[in-house]
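Peer 1: If you scroll down you'll find the structure; I have some questions about it.
The values are calculated or read from the model by the stated rules, or taken from the named source; none is laboratory data. Please read all numbers here as calculations on a predicted model, not as lab measurements. Every residue, glycine among them, receives a Cβ derived from its backbone with ideal geometry; neighbour counts consider all protein chains shown. Note: accessible area is taken over every heavy atom of the protein model, side chains too, but ligands, DNA and RNA are not part of it. Shrake-Rupley method; radii C 1.70, N 1.55, O 1.52, S 1.80 Å.
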Amino acid sequence: SMLTIWHSNMEVEQSYIMIKPDGVQRGLVGEIISRFEKKGFLLKGLKLFQCSKDLAQEHYKDLKDKPFFPTLIEYITSGPVVCMAWEGDGVVASARKLIGATNPLQAEPGTIRGDLAVQTGRNVVHGSDSPDNGKREIALWFKEGELCQWESVQTPWLVE
Ligand code: UDP
Ligand code: MG
């Protein structure tokens, strides 16, 4: 409805989801995108992107003192990633559940990491850990004009 269109966008929660270089190399892009599509979230931004060391360091700045930080930056910059902005009420926490625990061996079967990965250092996907970080990360990875404002025909069949 017009109301839905009017009401959409800015205030709706968004999460920054990124398929890491191992996910791209292993041919898991379609599989991973599919899980968010099928769940019913709305895709607002999508690109294949080779990121700089600076951007990777900024994205993971909260982890800069961790011993694994240098190898993490090496991993994230080792090949193209798929950057995505997904939208929907509760998308941040729900995406974290769909993704599963940081260590894929501890991630539940049925989750992306639980089904598709075996090591923390090769855990195929990133998801924002809070709505504020969702905003921060989407602003960091996407330029103005790269996000699309649109409504899916499915929306009235997903939310009452
Ligand atoms: N990571 C790692 N070793 C660790 C912990 C984390 O290589 O002991 C990597 C891993 O790729 C992880 C990322 O750093 O996804 C960010 O860590 P965080 O604790 O934020 O996990 P996430 O939010 O991705 O589950
Ligand atoms: Mg994290």
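Peer 1: What's the number of the condition Asp22 fails, among (1) open to solvent by 30 Å² or more (accessible area, probe 1.4 Å); (2) touching a residue at least 60 places away in the same chain (Cβ under 8 Å); (3) over 22 Å from Ala139 (Cβ atoms)?
Peer 2: Failing condition for Asp22: (1).
Peer 1: Among residues belonging to the range 125-152 that are of a type in the set (Phe, Trp, Tyr) and in a loop (DSSP other than H, G, I, E, B), point out the one that is most open to solvent (accessible area, probe 1.4 Å).
Peer 2: Applying the filter and picking the extreme gives Trp150.
Peer 1: Show me the strands (runs of 3 or more DSSP E) entirely contained within the range 1-118 in which 2 or more residues are among the hydroxyl-bearing types (Ser, Thr, Tyr).
Peer 2: 14-19
Peer 1: Would you be able to say whether some residue in the range 40-48 is among the aromatic types (Phe, Trp, Tyr), within 17 Å of Leu147 (Cβ to Cβ), within 16 Å of ligand 2 (Cβ to nearest atom) and buried (at least 19 other Cβ atoms within 10 Å of the Cβ)?
Peer 2: Checking the range 40-48: not a single residue is among the aromatic types (Phe, Trp, Tyr), within 17 Å of Leu147 (Cβ to Cβ), within 16 Å of ligand 2 (Cβ to nearest atom) and buried (at least 19 other Cβ atoms within 10 Å of the Cβ).
Peer 1: Continuing with the same structure: Looking at Glu151, Glu137, Glu146, Glu87, which one is within 25 Å of Leu42 (Cβ to Cβ) and within 15 Å of ligand 2 (Cβ to nearest atom)?
Peer 2: After applying the criteria, what remains is Glu137.
Peer 1: Here's another thing I want to ask about it. Determine whether the range 104-121 contains at least one residue that is under 11 Å from the mean Cα position of the chain (by Cα), within 30 Å of Trp157 (Cα to Cα), open to solvent by less than 80 Å² (accessible area, probe 1.4 Å) and within 15 Å of ligand 1 (Cβ to nearest atom).
Peer 2: No: the range 104-121 contains no residue that is under 11 Å from the mean Cα position of the chain (by Cα), within 30 Å of Trp157 (Cα to Cα), open to solvent by less than 80 Å² (accessible area, probe 1.4 Å) and within 15 Å of ligand 1 (Cβ to nearest atom).
Peer 1: For the range 58-99, which residues satisfy the criterion of being buried (at least 17 other Cβ atoms within 10 Å of the Cβ), within 12 Å of ligand 1 (Cβ to nearest atom) and more than 20 Å from Arg113 (Cα to Cα)?
Peer 2: Residue satisfying the conditions is His59 alone.
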